[in-house]
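J.: I am attaching a structure below and will ask some questions about it afterwards.
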Amino acid sequence: MSSNWIQSAIRRRGRVRRYLHMKKGEDIPVSKIKTALKNKKISTSLRRALLLALRLKKMRKRRSGSGNKR
């Protein structure tokens with residue numbers, strides 16, 4: 001697997017941030033992402049971007065933990 005797969009997975013940088021009306025540099029709370037996912041009127045591509053944001057947040061949290069648990 002390519003080491004830069006995340007860069008190719010993110011097509012529109014800042015899209016989630018703009019949708020949630022967050023300023024650049026602020027952390028996006030998980031609760032805001034989950035609330036946005038409950039909205040039935042968002043497009044499929046935005047829903048996928050929100051899900052990817054959740055996934056990446058979990059990956060970051062797991063990596064910053066104590067050591068690699070593999």
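J.: Within the stretch 26-38, take every residue that is closer than 11 Å to Ala53 by Cβ and among the β-branched types (Val, Ile, Thr) and give me the one that is most open to solvent (accessible area, probe 1.4 Å).
T.: Val30
J.: Would you be able to tell me the number of residues in the stretch 39-62 that are charged (D, E, K, R) and either more than 20 Å from Ala9 (Cα to Cα) or open to solvent by less than 100 Å² (accessible area, probe 1.4 Å) (or both)?
T.: Count: 4.
J.: Under 6 Å between Cβ atoms, which residue pairs at least 6 apart in sequence (or on different chains) link something in the stretch 2-31 that is under 18 Å from Arg47 (Cα atoms) with a partner that is open to solvent by 70 Å² or more (accessible area, probe 1.4 Å)?
T.: Sorted first by the residue in the stretch 2-31, then by its partner, the pairs are Leu20/Lys32.
J.: Find the helices (runs of 4 or more DSSP H) located wholly in the chain whose residues include 3 or more that are modelled with pLDDT of 75 or more, and list them.
T.: Because the criterion is at least 3 residues that are modelled with pLDDT of 75 or more, the helices (runs of 4 or more DSSP H) in the chain that meet it are 15-19, 30-37, 44-63.
J.: Could you give every pair whose Cβ atoms fall below 6 Å, whose first residue belongs to the stretch 51-70 and is within 19 Å of Leu20 (Cβ to Cβ), and whose second residue is at pLDDT 80 or above and in a helix (DSSP H, G or I), counting only separations of at least 6 or pairs across chains?
T.: Pairs that qualify, where the first residue is within 19 Å of Leu20 (Cβ to Cβ) and the partner is at pLDDT 80 or above and in a helix (DSSP H, G or I), are Ala53/Val16; Ala53/Ile33; Leu54/Ile33.
J.: Let me ask another. Select from the stretch 1-25 the residues that are within 13 Å of the chain's Cα centre (by Cα) and open to solvent by 60 Å² or more (accessible area, probe 1.4 Å) and list them in ascending order.
T.: If the condition is that a residue be within 13 Å of the chain's Cα centre (by Cα) and open to solvent by 60 Å² or more (accessible area, probe 1.4 Å), then Gln7, Ile10, Arg11, Arg12, Arg13, Arg17, Arg18, Tyr19 are the ones that fit.
The values are calculated or read from the model by the stated rules, or taken from the named source; none is laboratory data. Everything quoted here is computed from the prediction, not taken from an experiment. No Cβ is skipped: glycine too gets one built from the backbone with ideal geometry, and neighbour counts run over all protein chains shown. Note: areas computed on protein heavy atoms with side chains; ligands, DNA, RNA excluded. Shrake-Rupley method; radii C 1.70, N 1.55, O 1.52, S 1.80 Å.
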